[in-house]
Amino acid sequence: GIDWADTSHQVAIVTAAGHCISEMNIAHTSEGFSQLCEHLRVLSPVQVNIERPDGLLVDRLIEQGIAVYVTPPRIAAHRRPRSSKDDRGDARLLANLLRIGDEECRLVQRHGATVETLHQLLQAYEQLQRQQIRTANQLRQVLKQYYPALLHLFSDVSKNIALVFLQTYPDPQAARCLTYQQVEYFLKGQSYRHMQRLDTIYQHLQKPAL
């Protein structure tokens with residue numbers, strides 16, 4: 001059983017009879033992974049139960065030919081005998097859930113190299129999307145305080161034209177000094193498709209702001 005954490009992982013090794021024969025804490029590093037794999041190789045064959053189906057440690061274990069099972073954290077929390085979380089206790093719990101064949105222990109299935117590569121690319125893409133949303137929300141908060149006119153110019157402040165405008169005219173004073181023709185020139189230079197909004201955009205830039 002492996003209780004997952006960001007920087008280290010608590011490991012408990014339990015026999016088929018239910019005796020805990022080994023416990024350790026490994027770092028989330030290549031050295032820590034190697035330490036664990038060497039330890040498990042001596043005890044082979046072994047099965048591992050962990051709370052997540054992905055990540056570098058899971059990949060490393062599967063590469064070593066070890067069967068990896070997953071018990072979701074919410075299930076492990078329900079199976080926990082007490083409400084307070086303890087890493088050593090959770091590692092033993094995960095090991096014992098696998099030992100008794102708990103129905104929520106699901107084998108992690110791995111596919112071919114191409115599918116795995118696509119899976120990792122998808123994960124990276126989704127992570128990037130979440131980061132983009134967080135960054136855009138932070139930008140909106142700053143603009144509300146400092147540069148509110150920009151929030152009314154384009155449909156989304158994270159779109160390329162809005163970001164280019166912000167880079168070109170990084171403060172409300174610079175934007176307010178633009179002439180009508182300069183605004184029109186900027187929009188056309190960005191291949192803006194809604195030129196009928198030119199008057200509205202110019203008016204927003206000219207409005208006094210707090």
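Farthest towards the positive end of the charge dipole of the chain, among the residues Ile26, Ser8, Tyr125, is the Cα of Tyr125, using unit charges on the Cβ of Lys, Arg, Asp and Glu. With Cα atoms defining each centre, the range 27-90 and the range 160-180 are spaced 52 Å apart in the structure. A Cα-only calculation for the range 77-156 places Rg and Dmax at 22.5, 63 Å. Taking the Kirkwood radius as Rh and the Cα radius of gyration as Rg, the range 86-210 has a ratio of Rg/Rh equal to 1.33. What net charge do the residues around Tyr180 carry, taking every other residue with its C-beta under 14 Å from that of Tyr180, with Lys and Arg at +1 and Asp and Glu at -1? Net charge in that neighbourhood comes out at +1.
Net charge dipole, the range 1-77: roughly 200 debye, given to the nearest 20, about the Cα centre with Cβ charges of +1 for Lys and Arg and -1 for Asp and Glu. The residues neighbouring Tyr147, those whose beta-carbon lies less than 11 Å from its own, together hold a net charge of +2 under the Lys/Arg +1, Asp/Glu -1 convention. If you take the alpha carbon atoms of the range 20-135 and fit the smallest convex hull around them, that volume is 146 Å³ per residue.
Measuring how big the range 113-157 is from its alpha-carbon positions, Rg and Dmax come out at 16.0, 49 Å.
Split the chain at each of the trypsin sites (Lys or Arg not before Pro) in a DSSP loop with at most 13 other beta carbon atoms within 10 Å, and the longest piece is 1-81.
In terms of its Cα atoms, the range 39-105 spans 34, 22, 22 Å along the principal axes, sorted from long to short.
Heavy-atom surface analysis with a 1.4 Å probe gives the chain a carbon and sulfur content of 53 percent of its accessible area. With the helix formula -39500 (n - 2.57) applied to DSSP H stretches of n ≥ 4, the chain reaches a computed 222 nm mean residue ellipticity of -16000 deg cm²/dmol. Rolling a 1.4 Å probe across the protein heavy atoms gives the chain an accessible surface of 63 Å² per residue. Once mean projected area of the Cα convex hull in nm² is worked out from the coordinates, which option in (i) 16.9; (ii) 17.8; (iii) 14.0 does it equal? Working out mean projected area of the Cα convex hull in nm² from the coordinates points to (ii). Size descriptors for the range 161-207, from the alpha-carbon set: Rg then Dmax equal 9.9, 26 Å.
Less than 5 angstrom separates the built amide H of Val70 from those of Ile50, Arg106, Leu107, Val108, all sequence-distant by 5 or more or on a different chain.
The values are calculated or read from the model by the stated rules, or taken from the named source; none is laboratory data. The model shown is predicted, which means the values in this text are computed figures rather than measured ones. All Cβ positions, glycine included, derive from the backbone under ideal geometry; neighbour counts span all protein chains shown. Remember, those area values only see protein heavy atoms, side chains included, never the ligands or the DNA or RNA. Shrake-Rupley method; radii C 1.70, N 1.55, O 1.52, S 1.80 Å.
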